[in-house]
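Visitor: Right, I'll just put the structure down here and ask away after.
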Amino acid sequence: LFLQVILVSANKLTRYIEPCQLTEDFGGTLTYDHMDWLNKRLVFEKFTKESTSLLDELALINNGSDKGTQERERSIDLNFLPSVDPETVLQTGHELLSELQQRRFNGSDGGVSWSPMDDELLAQPQVMKLLDSLREQYTRYQEVCRQRSKRTQLEEIQQKVMQVVNWLEGPGSEQLRTQWGIGDSIRASQALQQKHEEIESQHSEWFAVYVELNQQIAALLNAGDEEDLVELKALQQQLSDVCYRQASQLEFRQNLLQAALEFHSVAQDLSQQLDGLLGMLCVDVAPADGASIQQTLKLLEEKLKSVDLGLQGLREKGQSLLDQISNQASWAYGKDVTIENKENVDHIQGVMEDMQLRKQRCEDMVDVRRLKMLQMVQLFKCEEDAAQAVEWLSELLDALLKTHIRLGDDAQETKVLLEKHRKFVDVAQSTYDYGRQLLQATVVLCQSLRCTSRSSGDTLPRLNRVWKQFTITSEERVHRLETAVAFHSSAEKILQECPEQPEAFNEMEQFDEIEAVGKSLLDRLTVPVVYPDGSEQYFGSPSDMASAAEHIREKMKLVSLKKQQLRQPEDTTPES
């Protein structure tokens, strides 16, 4: 305290005194130079105290870093920070040393006798010694701090790595362990996918931490600290193994759910196709004609082909899904997934078997429908052909009435016409029989199809009616031709007899019979053909009938003339 009071007083006095060596005594022996040392002495003592204390603290910290792990941690935790700033103490020491060196330099070169005190002479070496010790301990302290910082950083990285690893192997793996189903429909698979996306979102946050930690570890490894290389590489390897394994599991699960969604999508499309085909087969069809039947058959074949392709695609998707499910055991993390896999496998196989059975039922129904359609095609064909047979028979009847008119000019020609007519009748008979067979087949097909024919109800009566008309007309034509043959044969026989044989004509009844047949034939040409329904038809036109009658009349005239010639000799014999 006394020295401080003196120092304060000396500072006040130096403001008014020139900076020179005091030669007068102040209080006996105190000079200006001595007062300056007193000032430096306070700084020196303060530096000595702070540096000594700091050296003890640094020594404690530095020596504590060489102890056992637990003791070192405890020592560092309690005395890690010095009570004063080492940089400040060192700077104070350097300034003090510089001032002491400057005082000594000024005292030796000033030309004035300088008589330092004993403790002032010892201050400079002591300061230098303290500075050397401080620099040494401070350097060690900095290394301890660097090691501590590196250890702290390594421990923080290790802690974060363990947080990531513990979460991924704990809650993260548990989330995946509980997700093994594939759903039994598109909606169920989509719900599982949404749940999986939530799980992936949670994992992505930890994967981001993994990327950051991996970068920090890589930076530390690049720093080249061989002491921590093994531990850092082990942490990096452990972190990478867990993250890649979990990422692979997530990707596997995502691929499995995507395959399940595709499988259920194909199954739903195939089910809809089968429902559409079944609905088409369950509706009774009544096609209007063969063309519509062919179109319906084509549509059925196209739908069946589409179902075949759909079932083939379902089998491929199902087999691919089964292959993926069989690989689930490698990701089970010790969990027995036999039950879950069996449920999934049974579901997939059940869906494929159900679709196969439904397709088989549809194929059977398509076969029945195809047979029915083909029978309907035959039915329509029979109906059309039967109607065509009626038309043909009507055309034959019309041809018989309009073109089969001539009766021939002589017996030979008439016989030829009669033979042609019989062949014509055979054609008509075949046409009628063909129509009857078609109508009978129509009846059988209608019974098989359990339907009614569109035309057999009126086609058969039409066929029978036309055939009856044709038969009556044909019989009339045959009668006329046979009568014409008898007339021409008798007439030609008489006309060819020689007149020198009058005994052949003794009986004139033959001429009368020929004339009677001729008249009968002429009369028949004028009579129409009467049908059961009361309708009437004539052979040809009136001019055609007149032409045929004219030939008969001409021959009747010849017969009459022959008769007169034969009578003349009988008339002349009595006169002679």
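The values are calculated or read from the model by the stated rules, or taken from the named source; none is laboratory data. Values in this document were obtained by computation on a predicted structure and should not be read as measured data. Here the Cβ positions follow ideal geometry from the backbone for every residue, glycine too, while neighbour counts run over all protein chains shown. Note: areas computed on protein heavy atoms with side chains; ligands, DNA, RNA excluded. Shrake-Rupley method; radii C 1.70, N 1.55, O 1.52, S 1.80 Å.
Visitor: Within region 375-567, what whole-number % of the accessible surface is contributed by carbon and sulfur, with the 1.4 Å probe and all protein chains included in the calculation?
Guide: Ligands and nucleic acids excluded, carbon and sulfur reach 51 percent.
Visitor: Based on the Cβ-Cβ distance of S520 and K420, what FRET efficiency does E = 1/(1 + (r/R0)^6) give at R0 = 22 Å, to the nearest 0.05?
Guide: 0.40
Visitor: Might you report the magnitude of the Cβ-based charge dipole of region 170-330 about its Cα centre, with Lys and Arg at +1 and Asp and Glu at -1, to the nearest 20 debye?
Guide: The calculated dipole for region 170-330 is roughly 700 debye.
Visitor: Quickly work out the Q163-to-A223 label distance, labels modelled 7 Å from Cα along the C-beta direction, and quote it in nm with one decimal.
Guide: 2.0
Visitor: Summing Lys, Arg as +1 and Asp, Glu as -1, what charge do residues with Cβ under 13 Å from the Cβ of Q360 carry, Q360 excluded? Working shown, then result.
Guide: On the way: positive: R358, K359, R361; negative: D308, E353, D354, E363, D364, D367.
Taking every Cβ under 13 Å from that of Q360, the sum is -3.
Visitor: So which of K493/K557; K402/K563; K195/K359; K468/K519; K317/K372 end up more than 25 Å apart by C-alpha?
Guide: Over 25 Å Cα-Cα: K402/K563; K195/K359; K468/K519; K317/K372.
Visitor: Let me ask you something else. Under a crude label model (7 Å from the Cα following the beta-carbon direction), how far is S292 from K468 in nanometres?
Guide: Rounded to a tenth, the inter-label distance reads 3.4 nm.
Visitor: K49 to H94: FRET efficiency via 1/(1 + (r/R0)^6), r the Cβ-Cβ distance, R0 22 Å, to the nearest 0.05?
Guide: Values: r = 17 Å, r/R0 = 0.77.
The formula returns an efficiency of 0.85 here.
Visitor: Under a 1.4 angstrom probe, counting protein chains only, how are T431, T152, T452 ranked by accessible area, largest first?
Guide: The most accessible residue leads, giving T452, T152, T431.
Visitor: So what is the accessible area of region 170-330 per residue, in Å², with the probe set to 1.4 Å?
Guide: 53
Visitor: Moving on to the next point. With every protein chain left in place, what is the accessible area of D544 in Å² (1.4 Å probe, nearest 10)?
Guide: 60
Visitor: Keeping all protein chains in place and using 1.4 angstrom, which order do I186, I494 fall into by accessible surface area, from largest down?
Guide: I186, I494
Visitor: Report I61's accessible area, 1.4 Å probe, all protein chains in place, as a number in Å² to the nearest 10.
Guide: 10
Visitor: Solvent-accessible area of K468, probe 1.4 Å, all protein chains present, reported in Å² to the nearest ten, please.
Guide: 110
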